[in-house]
Amino acid sequence: MPALRSLALPIAVAASMLELNACSERPTSFPDRDGVIAAQAEWCAALAKLQRAGASWEHLNACKAAYPTASPTYLRAMTSCFSRRMEAATESSPDRSQIILECNDEVAVKLNPDEPTAAQVIESRCARMARCERVPVPACKSAFSKLEGAQRAMFTTIYNATGRYEIIDCLENASCTDNEEAGRQACYKPTSDALLWFPD
């Protein structure tokens, strides 16, 4: 699926770093699926409007068929911000990537980083740090709680249930690396790359 490159965690880490062990069977559905689909339809309509094409936009069906990793709340907020900033841009060809980054900063501070959905991601991060770096879980959780809310959201609640599953699966099953900060970030990169859909 075409997507914004490296939005939340821009570090590029080779996939070969992640030697996955046997993992549990992937769920067949997630509880927020309908919300994600509805939010994606709004995103697609906004992209079509920006192209002055509406329902006749050539990429509309492909866009609606795509399933991003963004949470419905994040995706709707990004739709509003992206549309507003693109419409207000004075350049004939505004820098889409820069606008996305600016919107990301704007939206992240408004998200709740302490939703119950964040808990398992935090548990998995801290379990990995205990396994790979001998960082006690209570110390990990304490340090995480001291991050700014927008930072915590970028690790947890900007993602939908599918995205969180992929991150958690990697954190729990990927082998430890010589550079664990990069190893953790590598678990986020595929999911952060797929937060938003754009045509090729």
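The values are calculated or read from the model by the stated rules, or taken from the named source; none is laboratory data. Note that this is a predicted model, so its numbers are computed, not measured. Cβ atoms come from the backbone with ideal geometry, glycine included; neighbour counts cover every protein chain shown. SASA here: full protein model, heavy atoms, side chains in, ligands and nucleic acids out. Shrake-Rupley method; radii C 1.70, N 1.55, O 1.52, S 1.80 Å.
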| said: touching a strand residue (DSSP E or B) at 6+ places or on another chain (Cβ under 6 Å) and of a type in the set (S, T, N, Q): which single residue out of T73, T177, T90, T69 fits that description? | reply: T69
| Every residue from the range 57-104 that is of a type in the set (A, V, I, L, M), closer than 26 Å to R164 by Cα and not in a helix (DSSP H, G or I) | A66, A70
| Got a number for residues in the range 45-73 being open to solvent by less than 60 Å² (accessible area, probe 1.4 Å) and free of Cβ contacts under 8 Å to residues at least 24 places away in the same chain? | 6
| request: Determine whether the range 144-157 contains at least one residue that is under 16 Å from the mean Cα position of the chain (by Cα) and among the hydroxyl-bearing types (S, T, Y). | output: yes
| note | From the option list A89, A39, single residue qualifying as modelled with pLDDT of 95 or more, open to solvent by less than 90 Å² (accessible area, probe 1.4 Å) and among the small types (G, A, S) is A39
